[in-house]
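Participant: Below is the structure I would like to discuss, written out as structure tokens.
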Amino acid sequence: MTIENPNVKGIWTTIEVDEEGTETVLIVETDLELNAALPAFDAAKVDALIEAATKSFAASGGTFDRIHLVPIMKPAAKKVRKAAKKVVKKVGSTKKVAKEAKSSAKKSAKKAAKKRGKP
């Protein structure tokens, strides 16, 4: 099964079980913001995604009971990792930076002690 929408990043099926029985759920992973209270929320794009998923749902011949939309967080995590790598390249490894900071602090303390006339 496919869902024709550029914001669908993955689909899979799961089964949910409760006291009333079982339901087969089509999980649709999307890069869209699904929280209407946030500025990135785009109602038209979410509506288009729901329409495309519903169309595929109907074409499945009743093999699914529900659709569940799930936002993905991967792009943001990738951006954070990429930014962290840039920082490490600029400053060096954490151990190296810590060693340099310790050395610098010792030098500053010695200078301050000399100014006060203490060895």
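The values are calculated or read from the model by the stated rules, or taken from the named source; none is laboratory data. Note that the structure is predicted; figures quoted are calculated from it, not measured. Positions of Cβ are generated from backbone atoms using ideal geometry, with glycine treated the same way; all protein chains shown enter the neighbour counts. When the accessible area is computed, the model is the full protein with side chains, heavy atoms only, and any ligands, DNA or RNA have been set aside. Shrake-Rupley method; radii C 1.70, N 1.55, O 1.52, S 1.80 Å.
Participant: Within the range 1-15, count every residue that is open to solvent by 50 Å² or more (accessible area, probe 1.4 Å) and touching a residue at least 24 places away in the same chain (Cβ under 8 Å).
Facilitator: Step one: filter the range 1-15 for residues open to solvent by 50 Å² or more (accessible area, probe 1.4 Å), giving 1-2, 4, 6, 9, 11-13, 15.
Narrowing the set further to residues that are touching a residue at least 24 places away in the same chain (Cβ under 8 Å) leaves 1-2, 4, 9, 13.
Here the count works out to 5.
Participant: Counting only residues that are in contact (Cβ under 8 Å) with a residue 12 or more places away in the chain and either assigned to a strand (DSSP E or B) or surrounded by fewer than 13 Cβ atoms within 10 Å (Cβ to Cβ) (or both), how many does the range 18-33 have?
Facilitator: The first filter runs over the range 18-33 and keeps only residues in contact (Cβ under 8 Å) with a residue 12 or more places away in the chain, leaving 23-33.
So of that shortlist, the ones also either assigned to a strand (DSSP E or B) or surrounded by fewer than 13 Cβ atoms within 10 Å (Cβ to Cβ) (or both) come out as 23-30.
Counting residues in the range 18-33 that are in contact (Cβ under 8 Å) with a residue 12 or more places away in the chain and either assigned to a strand (DSSP E or B) or surrounded by fewer than 13 Cβ atoms within 10 Å (Cβ to Cβ) (or both) gives 8.
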